[in-house]
1. Restricting to the stretch 171-201, name every residue that is among the acidic types (D, E) and either part of a helix (DSSP H, G or I) or over 22 Å from D121 (Cβ atoms) (or both).
2. Test L128 against the criterion of being crowded, with 24+ Cβ neighbours inside 10 Å and either among the aromatic types (F, W, Y) or without any contact (Cβ under 8 Å) to a residue 24 or more places away in the chain (or both), and give yes or no.
3. Would you mind finding the one in D117, D57, D73 that is modelled with pLDDT of 80 or more and surrounded by 20 or more Cβ atoms within 10 Å (Cβ to Cβ)?
4. Looking at the stretch 91-109 only, could you name the residues that are surrounded by fewer than 21 Cβ atoms within 10 Å (Cβ to Cβ) and either of a type in the set (D, E, K, R) or touching a residue at least 24 places away in the same chain (Cβ under 8 Å) (or both)?
5. Can you list the helices (runs of 4 or more DSSP H) found entirely within the stretch 69-131 that contain at least 1 residues being within 29 Å of A176 (Cα to Cα) and among the β-branched types (V, I, T)?
6. Let me confirm something: among G156, G168, G152, G161, which residue is under 17 Å from A122 (Cα atoms) and part of a loop (DSSP other than H, G, I, E, B)?
7. So, in the stretch 134-162, of the ones that are charged (D, E, K, R) and either touching a residue at least 60 places away in the same chain (Cβ under 8 Å) or buried (at least 24 other Cβ atoms within 10 Å of the Cβ) (or both), which residue ends up farthest from S93 (Cα to Cα)?
Amino acid sequence: MDHEQRADPRSEEGPRVELPGAAPEPPRDVARLEELLTPKTLDPELAACLQADASGDPQGATNLGVLLEQRGDLEGALAAYRRADRRGDVDGSFNLGCLLAEMGDLAGARAALGRADARGDASGAANLGVLLEQRGELEEALAAYRRADERGDAVGAFNLGLLLADRGDHAGARAAYERAAERGDPEVRARAQKAEAELPPVEVEAAPEPPAPAAPEPAPVRRASRRRWIVALCVLGLLAVLIAWRRRRA
């Protein structure tokens with residue numbers, strides 16, 4: 001008697017082999033960071049930031065980047081800031097832009113600061129303006145400084161004043177310097193007051209201008225010196241300020 005042969009459902013695909021379960025390998029940057037958390041060097045603050053970052057928290061990634069940057073792990077900080085930036089954290093975008101600028105990647109810094117600016121960050125707009133001015137994109141730099149000034153940033157107001165003074169808009173420069181002095185720390189206040197004092201008197205500005213300027217423009221050396229100072233403030237000195245500011249966000 002013929003018996004009906006039942007088809008083995010595994011015959012077409014082959015026998016199923018159950019593999020032992022294995023945890024997915026973590027990303028390289030996270031795996032490397034976890035190596036820092038050995039029993040001898042366990043840092044509760046770093047561990048908390050790492051856990052928050054691993055859970056997908058944007059600010060957790062930013063805070064982790066700040067801690068790693070403070071400890072000199074720039075590669076780890078850069079990776080953490082990139083994750084925060086991808087998650088839409090404005091602090092992460094700003095910190096990423098500052099760190100990339102310090103590392104010489106000005107194109108990457110411009111893109112990251114542009115995202116911070118687009119997300120409404122005043123310092124991001126101010127620092128973006130510095131990079132744009134360095135590249136000779138003065139109209140774009142002026143617009144970035146105006147956005148920073150409108151958002152209440154003291155350095156943005158001061159940079160705006162310098163650029164307006166270079167263009168001969170002394171009234172606009174004076175108003176920008178005054179806003180910078182009102183908002184800024186003692187160093188920015190002193191610089192703004194000094195720059196304002198170098199402007200022509202108001203009475204001279206009100207008088208009709210002759211075809212040729214009544215007084216020569218500031219010597220190129222002095223103007224370059226002032227420009228070097230603001231570049232140093234925002235790209236070197238201000239970066240130190242911004243690093244400290246970022247650390248306060250942790």
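The values are calculated or read from the model by the stated rules, or taken from the named source; none is laboratory data. These numbers were taken from a predicted model, which means no experiment stands behind them. Using ideal geometry, Cβ is built from the backbone for each residue, glycine included, and neighbour counts are taken over all protein chains shown.
1. Passing the criteria: E178, E182, E187, E196, E198.
2. Details: crowded, with 24+ Cβ neighbours inside 10 Å: yes; either among the aromatic types (F, W, Y) or without any contact (Cβ under 8 Å) to a residue 24 or more places away in the chain (or both): no.
Here the answer is no, as L128 does not meet what is asked.
3. Numbers: D57 fails: surrounded by 20 or more Cβ atoms within 10 Å (Cβ to Cβ); D73 fails: surrounded by 20 or more Cβ atoms within 10 Å (Cβ to Cβ).
Selected residue: D117, the only one of D117, D57, D73 that is modelled with pLDDT of 80 or more and surrounded by 20 or more Cβ atoms within 10 Å (Cβ to Cβ).
4. Going through the stretch 91-109, the residues surrounded by fewer than 21 Cβ atoms within 10 Å (Cβ to Cβ) turn out to be 102-108.
Within the stretch 91-109, E102, M103, D105, L106 qualify.
5. Values: elements: 74-86, 90-102, 106-118.
By residue number, 90-102.
6. Details: G156 fails: part of a loop (DSSP other than H, G, I, E, B); G168 fails: under 17 Å from A122 (Cα atoms); G161 fails: part of a loop (DSSP other than H, G, I, E, B).
Sole residue among the options that is under 17 Å from A122 (Cα atoms) and part of a loop (DSSP other than H, G, I, E, B): G152.
7. Per the criteria, the residue is D149.
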